[in-house]
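Asks: Once you've had a glance at the structure underneath, I'll fire off some questions.
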Amino acid sequence: MARYTGAKLRITRRLGDLPGLTSKKGNSNTRPGQHGANQKKLTQYAIRLEEKQKIRFNYGLSEKQLMNYIKQAKKIKGTTGTVLLQLLEMRLDNLVFRLGLAPTIAAARQLVSHGHITVNQLPVSIPSYQCQPGDKLSIKDSVTSKRLVNKYLESPALSNIPQHLEFDKKNLSAKILGIIDREWVALKLNELFVIEFYSRKI
């Protein structure tokens, strides 16, 4: 399944708040569709499918990308669900978003792809680039890059920057202090259900 490019509010009505997908809020608490208010009780499979979809849509991943992250998480010591979230949170596009340099992860992905972001003073244009503790992120030293980021900073999507990040707003630079704690992950979901969903596929 390719990356989703359709109506975002329809997705948030079905799955709940997804800060990485959109900062807009829907006008209804019911699920989409003519009979959205009269949904039957979800099956165990449907519950796990929805949790998986939350991760996919929030982080802007294809099905193949998510499966690869789960395979990678299984090889790392620790709780697989927590490790999965930590891998996704350490993606460069997500870090740019969590710093408030872009309103959504999709916008952050564009910043990275267009060469506006540097890691350790080197240009990186790969949104999925896996950052490490100690890495320093900054905005490319150009008028266009700084103007674009300053525009986004006027209305950040997330009010709180996670504790594992240190941000110097004046110099538009940041440092990764460590790995994010589960409590600071902005997405509300049960990651164990995601692992269970893929248990028979991987």
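The values are calculated or read from the model by the stated rules, or taken from the named source; none is laboratory data. The model shown is predicted, which means the values in this text are computed figures rather than measured ones. Counting neighbours? That spans all protein chains shown, and the Cβs are built from the backbone with ideal geometry, glycine included. Side chains are part of the model used for accessible areas, which takes the heavy atoms of the whole protein and leaves out ligands, DNA and RNA. Shrake-Rupley method; radii C 1.70, N 1.55, O 1.52, S 1.80 Å.
Asks: Considering region 68-84 alone, what residues qualify as being out of contact with any Lys or Arg (no Cβ under 7 Å at 6 or more places or on another chain) and either assigned by the TED database to the domain that holds residue 169 or in a helix (DSSP H, G or I) (or both)?
Replies: 68, 69, 70, 71, 72, 73, 74, 81, 83, 84, listed by residue number.
Asks: For residues that are without any contact (Cβ under 8 Å) to a residue 24 or more places away in the chain and among the polar types (S, T, N, Q), scanning just region 161-201, find the one that is least open to solvent (accessible area, probe 1.4 Å).
Replies: Only one residue fits best here, namely 199.
Asks: OK, next. Can you pull out the residues in region 83-98 that are at pLDDT below 95 and either aromatic (Phe, Trp, Tyr) or more than 25 Å from residue 116 (Cβ to Cβ) (or both)?
Replies: Within region 83-98, 97 is the sole residue that qualifies.
Asks: Consider residue 151 carefully, then state whether it is of a type outside the set (Ser, Thr, Tyr), open to solvent by 60 Å² or more (accessible area, probe 1.4 Å) and outside any helix (DSSP H, G or I).
Replies: Answer is no for this residue.
Asks: Has region 168-177 got at least one residue that is of a type outside the set (D, E, K, R), in a loop (DSSP other than H, G, I, E, B) and at pLDDT 95 or above?
Replies: Checked against the condition, which is being of a type outside the set (D, E, K, R), in a loop (DSSP other than H, G, I, E, B) and at pLDDT 95 or above, region 168-177 yields at least one hit.
Asks: Still on this model: Output the residue which, of all residues in region 125-145 that are farther than 20 Å from residue 86 by Cα and either outside any loop (DSSP other than H, G, I, E, B) or in contact with a helix residue (DSSP H, G or I) (Cβ under 6 Å, 6 or more places away or on another chain) (or both), is most open to solvent (accessible area, probe 1.4 Å).
Replies: Going through the qualifying residues, I end up with 143.
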